[in-house]
């Protein structure tokens, strides 16, 4: 029950964060349409992270990582993200808050899982260096082989190119 309340709270926060999320230019950052980011994510799961900016305010986020739940499993996710640059203002660089939806596959020897992810986070884009720092949390609802709730989250760093 406690986990269900947490997931509900995160979904509601993502809805609120989406209000007013209009396309904005990543002023002072190295981001443009077609920009890639590649780096690492530390948390649950831990592994590689990539991001492809489809516009100045939307991106595809990928993760290929190792989940430490249970006996450990390989995890892959892909999310479509919307960025809002107006919620948090900073003097240098930019700090968009993002939210999005995607899928997750977790491979296990016994039963692999397929689920829906709702990603919520913030990413600091440096203006003087081609890099970014991010934090995200992602409630997950697995649909196969059984319905089950899960939660991912972590900190990461990526090189922008």
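The values are calculated or read from the model by the stated rules, or taken from the named source; none is laboratory data. None of these values were measured; they are calculated from a predicted model. With ideal geometry, Cβ positions are generated from the backbone for all residues, glycine too; neighbour counts draw on all protein chains shown.
For the reader, a short list of remarks on this structure follows.
- Residues being closer than 20 Å to residue 40 by Cβ and surrounded by 15 or more Cβ atoms within 10 Å (Cβ to Cβ) - total across region 101-129: 13
- Among residues of region 21-39, those that are surrounded by 15 or more Cβ atoms within 10 Å (Cβ to Cβ), closer than 26 Å to residue 139 by Cβ and at pLDDT 95 or above, counted: 2
- Unmet criterion (only one of (1) at pLDDT 95 or above; (2) surrounded by 14 or more Cβ atoms within 10 Å (Cβ to Cβ); (3) under 21 Å from residue 132 (Cβ atoms)) for residue 74: (3)
- Unmet requirement for residue 139, which otherwise passes all of (1) closer than 15 Å to residue 45 by Cα; (2) modelled with pLDDT of 95 or more; (3) over 18 Å from the mean Cα position of the chain (by Cα): (3)
- Candidate set: region 49-61, residues that are surrounded by fewer than 18 Cβ atoms within 10 Å (Cβ to Cβ) and within 17 Å of residue 117 (Cα to Cα); chosen: the one farthest from the chain's Cα centre (by Cα): 58
- Scanning region 83-92 for residues that are over 15 Å from residue 57 (Cα atoms) and in contact (Cβ under 8 Å) with a residue 40 or more places away in the chain yields a single hit, 92.
- Residues that are on the phi < 0 side of the Ramachandran plot and out of contact with any strand residue (DSSP E or B) (no Cβ under 9 Å at 6 or more places or on another chain) number at least 1 in none of the strands (runs of 3 or more DSSP E) confined to region 33-110.
- Residue 155 vs. criteria surrounded by 13 or more Cβ atoms within 10 Å (Cβ to Cβ) and within 22 Å of residue 50 (Cβ to Cβ): yes
- Residues located in region 130-145, provided they are over 18 Å from residue 39 (Cβ atoms), out of contact with any helix residue (DSSP H, G or I) (no Cβ under 7 Å at 6 or more places or on another chain) and surrounded by 14 or more Cβ atoms within 10 Å (Cβ to Cβ): 140, 141, 142
- Test: residue 5 is out of contact with any strand residue (DSSP E or B) (no Cβ under 7 Å at 6 or more places or on another chain), closer than 20 Å to residue 139 by Cα and either part of a loop (DSSP other than H, G, I, E, B) or modelled with pLDDT under 95 (or both): yes
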